[in-house]
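These notes are about the structure you will find just below.
The values are calculated or read from the model by the stated rules, or taken from the named source; none is laboratory data. Everything quoted here is computed from the prediction, not taken from an experiment. All Cβ positions, even for glycine, are placed from backbone atoms using ideal geometry, and neighbour counts span all protein chains on display. With ligands, DNA and RNA removed, areas are computed over all heavy atoms of the protein, side chains included. Shrake-Rupley method; radii C 1.70, N 1.55, O 1.52, S 1.80 Å.
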Amino acid sequence: MISQLEKEITFRFLKARKKDGFLNVISIFSFIGISLGVAVLIIVMSVMNGFRTELINKIVGFNPHITVKSYENKYINPSIVNSPELNSISKHLISSNTSEAIVINNNNSKGIILRGYKSNDFSKLSIINNKNFLGNKKNLKNNNISIGKELSFILDVEIGDNISLMSSSGIDTIIGSLPKQKVFKVVSLFESGLVDFDSNIVFMNLDILEEFSNLKNSDRNLEIYLKNPQNIEKQKEIVQKVFPDEFIYSWSDMNSSLFSALKVERNVMFIILSLIIIVAAF
């Protein structure tokens, strides 16, 4: 709160004497100019920071906070990871695997990314526990899959419909290598708020994914979900000490170019608006 003394000093210098009437106009315009400059600076920086925070929350809500991948194709089992340092910062340790495929439905076809999880691990993901998720979150078994709402619009499918997936791996036959093709049932729909994710990602059971894409247990990744995903760099260093011989990358590394551009834009806006305030002050 502004004290009475501060108010008296402010109005003393803003209010000119009768013979200095023109100086009063200058003071008022200077005061208004500086006030507008500071207000614009605060508003723009708040909008920039709010946009960055909202974007981070959406990306963090969909992607693992830190991923551990073996250089030597060695299976990383989360059940044997009992490091006190790791347990102090992590909320969930989940095994996963990824592959690519082509989804075919009626006259529509599209390239997609497959993510495989165990059924009980799938229900731990943040994107599955938000209010926009539709369907059974604990039914990622057998040939059941979960797709994004945007992809469901593209393919014109609903919960309970069947779609055909063609794997990037093949089956050796007497006439050569043929791609694998299976029918899967859509049991749930998710929505992350980012169109690129919702239209290109499909979740399925981990064992089914590995069989469908000819992957091994040693190809699996260890996904680490942190209690505080914002302070990512320090926590990444802790994970690197726990897994010194593995490849470690975070959600920040996967989107480094985007956040670098946002940081540069925010700094430039701060400089420009600061110059406006300086001009108003002169």
Give the angle, between 0 and 90 degrees and rounded to the nearest 10, that separates the Cα long axis of helix 232-242 from the longest principal axis of the Cα atoms of the chain.
40
Binning at 5 Å from 0, report for the stretch 202-263 what percent of all alpha-carbon pair distances ends up in each bin.
3, 13, 19, 18, 16, 17, 11, 3, 0
For the chain, longest principal axis from Cα atoms; helix 4-14 axis from its Cα atoms; angle between them, nearest 10 degrees, is 70
How many nm is it between the label spots at residue 5 and residue 268, if each spot is 7 Å from the Cα in line with the beta carbon?
4.6
Stokes-Einstein D in µm²/s, Kirkwood radius over Cα pairs - the chain at 25 °C with 0.890 mPa s viscosity:
107
Considering only protein heavy atoms and a probe of 1.4 Å, how much of the accessible area of the stretch 130-242 is carbon and sulfur, as a whole percent?
49
Between residue 258 and residue 139, what is the spin-label point distance in nm, taking each point 7 Å from the Cα along the Cα→C-beta axis?
3.1
Which ³J(HN,Hα) values, rounded to whole Hz and listed in residue order, are derived for the stretch 264-277 from phi using the Karplus coefficients 6.51, -1.76 and 1.60 in 6.51 cos²θ - 1.76 cosθ + 1.60 with θ = phi - 60°, glycine and proline given as x?
4, 4, 5, 5, 5, 4, 5, 5, 4, 6, 5, 5, 4, 5
To the nearest 20 debye, what charge dipole does the stretch 150-244 have about its Cα centre, counting +1 at the Cβ of each Lys and Arg and -1 at the Cβ of each Asp and Glu?
480
Hand me the trypsin sites (Lys or Arg not before Pro) from the stretch 225-282 located in a DSSP loop with no more than 14 other Cβ atoms within 10 Å, in residue order please.
227
Can you tell me the order of 217-225, 197-205 when each peptide is scored by its average per-residue count of other Cβ atoms within 10 angstrom, highest first?
197-205, 217-225
Gaussian network model of the chain, springs between alpha carbon atoms under 10 Å - residue of 206, 262, 189 with greatest fluctuation
262
Roughly how big is the chain's charge dipole about its Cα centre, with Cβ charges of +1 (Lys, Arg) and -1 (Asp, Glu), in debye to the nearest 20?
1160
What's the FRET efficiency of residue 240 with residue 277 using the Cβ-Cβ distance as r and R₀ = 41 Å, to the nearest 0.05?
0.45
Leaving out ligands and nucleic acids, note down the accessible area per residue over the chain with a 1.4 angstrom probe, in whole Å².
58
21 Å Cα-Cα threshold exceeded, pairs from 141/227; 124/227; 74/216; 74/241
141/227
